[in-house]
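Throughout, read-outs are computed from the coordinates displayed, never taken from laboratory work. Bear in mind the structure is a predicted one, so any value in this text is a computation, not a measurement. Note: ideal-geometry Cβ built from the backbone for every residue, glycine included; neighbour counts use all protein chains shown.
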Number of protein chains: 2
Amino acid sequence: LIRIGVDAMGGDYAPRSVVEGSILATLESQGKYQVVLVGDKKRIEEEFKQIEMDIPDIEIVNASQVIEMNDPPVESLKKKRDSSISVITRCLGKGEFDGIVSAGNTGAFMASTLLSSGKIEGVIRPTIGSYMPGEKNISFILDVGANSNCKPAHLLQFGIMGSIFVSTMLKRKNPKVGLLSIGEESSKGNELTIESYKLFEKSCLNFIGNIEGGDIFKGKADVIVCDGFVGNIILKFTESIIDMVKEKLKVIMGNNFITKLGILLVKPALQKMSYLYDYQEYGGVPLLGVKGTAIIGHGGSSSKAIKNAILEAYRMIRENINGKIAEKLSSYVEVESEK
Amino acid sequence: LIRIGVDAMGGDYAPRSVVEGSILATLESQGKYQVVLVGDKKRIEEEFKQIEMDIPDIEIVNASQVIEMNDPPVESLKKKRDSSISVITRCLGKGEFDGIVSAGNTGAFMASTLLSSGKIEGVIRPTIGSYMPGEKNISFILDVGANSNCKPAHLLQFGIMGSIFVSTMLKRKNPKVGLLSIGEESSKGNELTIESYKLFEKSCLNFIGNIEGGDIFKGKADVIVCDGFVGNIILKFTESIIDMVKEKLKVIMGNNFITKLGILLVKPALQKMSYLYDYQEYGGVPLLGVKGTAIIGHGGSSSKAIKNAILEAYRMIRENINGKIAEKLSSYVEVESEK
């Protein structure tokens, strides 16, 4: 049975939203995976009591401390050895969990996962990827924040891991990989992308060349590769678009009765659309390249977001993403060194 | 009299849209500036003939060649010495024009302007800035593509030039300057922004610290500073948002009659909104840091966009943006060297 640990104390609405999300995920589990909540046992049990329904079978592992959202990651990991993040990542490292989910302090969660589980052989730098909405299809962008300063070899590995993720999770054969840059020609870009282009060109990937900022939503590439600085700015910018659209619509409506009536009629559609920009719907973002499956939830995760993150972790484990990454990168390193 | 040269051959809809835009700008000039079209005299005169109205007083300077949108900038400047871009930038350098506008080959226009007019004293790297829409206010982002690889001192100068531009053109006193990064703390970011933060902190600017991708539309900063690689990706991404929204609305509407009716009623408001994302409305983007005023138009410039670009050039000249940049940077360099 697949065991998925969930950090009950992580996120702005924890433990409430995490407990609810774990219940939702368990109700959909059909006995294929077991959800284990990690955190303050008393508080979790209190949450259970307040829910007026039969609680399905969810285990609890106690952790007496909490790393807050704004705590400095490295220091707090040292100080709070019994924090939910420390405990959950330790359990993953020991093989007690197959996958873990946390909407808590991202830096601490990432660092602790890496420390406890180690990197997959052949991986230089683990990376965070994220689904990205598009006009017609969603795509996958990485890195979105794990690595602020990158070298060409890092970007190439992001491309490989992203390609495996997309072909497996989105069932797209031979996914198109694009390098995010500022011009289509191989000579355009900054020092990093110009050098990376050469590596991508020689690689086993279905490399379609540079793509520009305007191509992100067009679905030109299935996998969009960039350094974590650029990717994080793009990700957060994308999340803010729906607020901008809503705000602008409000201003433009003003006191015009016709427009107001129109908005009223369009509202359900708009609501639907806002989900497309809301990455909680995709259930958090995977940390790729570490042994063990880890999903990073958004700080503002709702119970639905937590549920989706757990389902995503389960699917990644079932599809053996990490095994595929290990296989590809080891064979790739061999090919490279043969040259 | 202020003389503004306009590249009649530049842009996807040239010379038609450029001629029309120049006429519109001249009709609004109230004798304060003179528009001069630079390009194939015969073709320009043919355009004049097809317009069924009295053409206001517009001069024409002949240029026999055209640098196409996709020509390699440096080579084509060497080959086509009588191209509209070569002629217009030469005229600017000689002081025959006070400002110039081109929606043609950006690389060639930039290089040739820099070559003919030279940098303002104290400027290390000229930069392109762009207005950026926001939930409540527009802001100004730079660099958006002139410099793919930057050093901290470059970013600081972008901040200074952007600050002068915003306080003068948008009449905002002591504009808030933010460094685009991936975390609010000074320790967050990539090597470039972490080092730049220290320079900004010591500077004369109203520096509000790092801002994140999600803050761009929130209007947290009046001036958003980043390297030209990041800025160009953001700019092009922003331009693509309205397409994405339209496309998604279409899909979501489907065959639902109520929603369709709603869309019909909201359409005028949506149209209004799309302008907010359309930087043609702001009249092109200024090249800052060179002697002489140069506005870079979007390749797809409409006649309205050309008109707005000409008005923007006029305002920049009238407000003496370049004089203010020269004054600030020379005093700044002195203060720095006194330390």
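In Å and on Cα atoms, what radius of gyration and Dmax does region B:156-254 show?
Calculated on Cα positions, Rg and Dmax stand at 15.8, 56 Å.
As an exercise, find the ratio Rg/Rh for region A:33-95 from alpha-carbon atoms, using the Kirkwood inverse-distance average for Rh.
Numbers: Rg = 13.4 Å, Rh = 12.9 Å.
The Rg/Rh ratio comes out at 1.04.
Which percent of Cα-Cα pairs in region B:200-261 sits in each 10 Å bin, short to long?
In order of increasing distance, the bins hold 16, 33, 22, 16, 9, 3 percent.
Around residue B:194, under 15 Å between beta carbons, what's the net of Lys plus Arg minus Asp minus Glu among the other residues?
My count for the surroundings of residue B:194 gives -4.
Which whole number gives the average count of other chain Cβ atoms within 10 Å of the Cβ atoms across peptide B:240-247?
If you average over the peptide's residues, the count of other-chain Cβ atoms is 6.
Give me a single rounded figure for A:308-319: the average over its residues of other chain Cβ atoms within 10 Å of their Cβ.
Averaged over the peptide's residues, the number is 0.
In the structure shown, do any of A:79/A:291; A:218/B:220; A:188/B:32; A:188/B:151; B:79/B:291; B:78/B:324 have a Cα-Cα gap over 30 Å, and if so which?
A:188/B:32; B:78/B:324
Which of A:176/A:267; B:202/B:307; A:260/B:173; A:198/B:236; A:267/A:304 have a Cα-Cα distance over 30 Å? The partial results should precede the final answer.
Numbers: A:176/A:267 35 Å; B:202/B:307 40 Å; A:260/B:173 36 Å; A:198/B:236 24 Å; A:267/A:304 21 Å.
Going by Cα-Cα distance, A:176/A:267; B:202/B:307; A:260/B:173 fall outside the 30 Å limit.
What translational diffusion coefficient, in µm²/s and rounded to a whole number, does the Stokes-Einstein relation yield for chain A at 4 °C and a viscosity of 1.567 mPa s, taking the hydrodynamic radius as the Kirkwood radius over Cα pairs?
In µm²/s, the coefficient is 62.
For region B:178-217 and region B:66-111, compute the distance between their C-alpha centroids and round to whole Å.
Centre-to-centre distance over Cα atoms comes out at 35 Å.
Label region B:63-146 by shape, choosing from rounded, prolate and oblate, from the square roots a ≥ b ≥ c of the eigenvalues of the Cα gyration tensor; if a/c is under 1.5 it is rounded, and otherwise prolate applies when a/b is larger than b/c, oblate when it is not.
Since a/c reaches 1.5 and a/b is larger than b/c, the shape of region B:63-146 is classed as prolate.
What Rg and what Dmax come out for region A:171-330 when only alpha-carbon atoms are used, in angstroms?
Every Cα atom of region A:171-330 included, Rg and Dmax give 19.6, 64 Å.
Which three semi-axes in whole Å describe the equivalent ellipsoid of region A:123-182, each the square root of 5 times a Cα gyration tensor eigenvalue, listed largest first? Numbers along the way, then the final one.
Numbers: eigenvalues 76, 34, 22 Å².
Equivalent-ellipsoid dimensions as semi-axes: 19, 13, 11 Å.
If you put a point 7 Å past Cα along the Cβ direction, how far is that point for residue B:149 from the same point in each other copy, in nm, smallest first?
1.5
Over region B:100-148, with a single point scatterer placed on each C-alpha, what log10 of the ratio I(q)/I(0) does the Debye formula yield at q = 0.23, 0.25, 0.31, 0.33 1/Å?
Debye curve over Cα of region B:100-148, log10 I(q)/I(0) at q = 0.23, 0.25, 0.31, 0.33 Å⁻¹: -0.96, -1.05, -1.23, -1.26.
Once Rh is set to the Kirkwood radius over Cα pairs, what Stokes-Einstein translational diffusion coefficient, in µm²/s, holds for region B:174-223 at a temperature of 37 °C and a viscosity of 0.692 mPa s?
D = 305 µm²/s.
Pick from A:103, A:111, A:25: which is most flexible by mean-square fluctuation in a GNM of chain A where alpha carbon atoms under 10 Å apart are linked?
In this elastic network of chain A, the residue with the biggest mean-square fluctuation among A:103, A:111, A:25 is A:111.
Given the rule -39500 (n - 2.57) for each run of at least 4 DSSP H residues, summed and divided by the residues of chain A, what is its mean residue ellipticity at 222 nm, to the nearest 500 deg cm²/dmol?
After summing the helix terms and dividing by the residues of chain A, the value is -15500 deg cm²/dmol.
Looking only at other chains, what is the average number of their beta-carbon atoms within 10 angstrom of each beta-carbon in A:205-216?
Taking the mean over all residues of the peptide, I get 3.
Compute the Cα gyration tensor for region B:1-106, then decide on rounded, prolate or oblate, letting a ≥ b ≥ c be the square roots of its eigenvalues: rounded whenever a/c is under 1.5, prolate when a/b is larger than b/c in the other cases, and oblate in all that remain.
It comes out oblate by the Cα gyration axes.
For the protein assembly as shown, take every pair of Cα atoms, bin their distances at 20 Å starting from 0, and report each bin as a whole percent.
Going from the shortest bin to the longest, the percentages are 17, 45, 30, 7, 0.
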